[in-house]
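Colleague: Can you keep this structure in mind? I'll have questions shortly.
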Amino acid sequence: MKIICIGRNYVAHVLELKNEIPSSPVIFLKPKTALVHQSYPVHYPEFTDDLQYEAEVVLRICKNGKNIAERHARNYYDKWTIGIDFTARDLQTKLKKQGLPWEMAKAFDGSCVVGDFVDIPKDMKNVPFELYQNEEKVQSGKTHNMIFSFDKIVSFVSKYFTLQMGDLVFTGTPEGVGPVLPYDELVGKLNGAELLKVTII
Ligand code: MG
């Protein structure tokens, strides 16, 4: 099982981090060991002073595939949820400046959590999702604001990586990313349903 993440997929978030709007999806991976079940707390790592949340819609791959055509991509994922792509932003900024890969800042143990997977509605294009930090809404996105659609992402990713049943695809975060602190409680909602609740320690 692997975790595929898309970066820079919402214009307002690309701009808040002062990055360029990409002409093709930006991809990175997290290992299986990055994933924490939401019934466990997320540990604030000792190697960062700026752990940040990025709330994202997450697809679950249900069928193996390679070189999937965009028009067939919808057959390759069956459920979705909201997840958090945790990022050691200070470390990421340092690595980016040095032109180095992001993995140490993005793929460490406990760097992602996903909520309960649910059925996907017929119309995926106009679905809201939100992240709350200690009951305050800190991120609010709509799937129609994605630069690259779910089907485009699945098709594009499968040119490079064979998708396998059980793989997860994080599809990018909207604007409003920010820091977390120990004892914070994060709650994620997708299409109005509370699917994720996690505590930082
Ligand atoms: Mg992200």
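Colleague: Going 7 Å from the Cα of C62 in the Cα-to-Cβ direction, what parts of the stretch 147-171 have a backbone nitrogen less than 19 Å from that spot?
Modeller: Answer for this model: 150-155, 158, 163-171.
Colleague: Calculate, for the chain, the solvent-accessible area per residue in square angstrom, rolling a 1.4 angstrom probe over the heavy atoms of the protein chains.
Modeller: Dividing the accessible area of the chain by its residue count gives 48 Å².
Colleague: So what's the projected area for the stretch 18-147, the Cα convex hull averaged over all directions, in nm²?
Modeller: For the Cα atoms of the stretch 18-147, the hull's average projected area reads 9.7 nm².
Colleague: Please give the length that would be gained between H37 and Q164 if that part of the chain were fully extended, namely 0.36 nm times their separation in residues minus their C-alpha to C-alpha distance (nm, one decimal).
Modeller: Separation in residues times 0.36 nm, less the Cα-Cα distance, equals 43.7 nm.
Colleague: Projecting each Cα onto the charge dipole of the chain (Lys/Arg +1, Asp/Glu -1 at the beta carbon, about the Cα centre), which of Q139, W80, G110 comes out farthest on the positive side?
Modeller: W80
Colleague: Further question on the same structure: Using a 1.4 angstrom probe on heavy atoms only, work out the carbon and sulfur share of the accessible area of the chain in %.
Modeller: In the chain, the share of accessible area belonging to carbon and sulfur is 51 percent.
Colleague: While we're on this one: How far apart, in nm, are the 7 Å Cα→Cβ label points at Q98 and D119?
Modeller: Result for the modelled spin labels: 4.9 nm.
Colleague: Also: What does the C-alpha gyration tensor say about the overall shape of the stretch 157-201? Classify as rounded when a/c is under 1.5, otherwise prolate if a/b is larger than b/c, or oblate.
Modeller: Since a/c reaches 1.5 and a/b is larger than b/c, the shape of the stretch 157-201 is classed as prolate.
Colleague: Here's another thing I want to ask about it. Loop-only check: which GluC sites (Glu not before Pro) in the stretch 84-174 are DSSP coil with at most 16 other Cβ within 10 angstrom?
Modeller: Those satisfying the criteria are E135.
The values are calculated or read from the model by the stated rules, or taken from the named source; none is laboratory data. Keep in mind it's a predicted model, so treat the numbers as computed, not measured. Note: ideal-geometry Cβ built from the backbone for every residue, glycine included; neighbour counts use all protein chains shown. Just the protein is used for accessible areas: all its heavy atoms, side chains included, with ligands, DNA and RNA removed. Shrake-Rupley method; radii C 1.70, N 1.55, O 1.52, S 1.80 Å.
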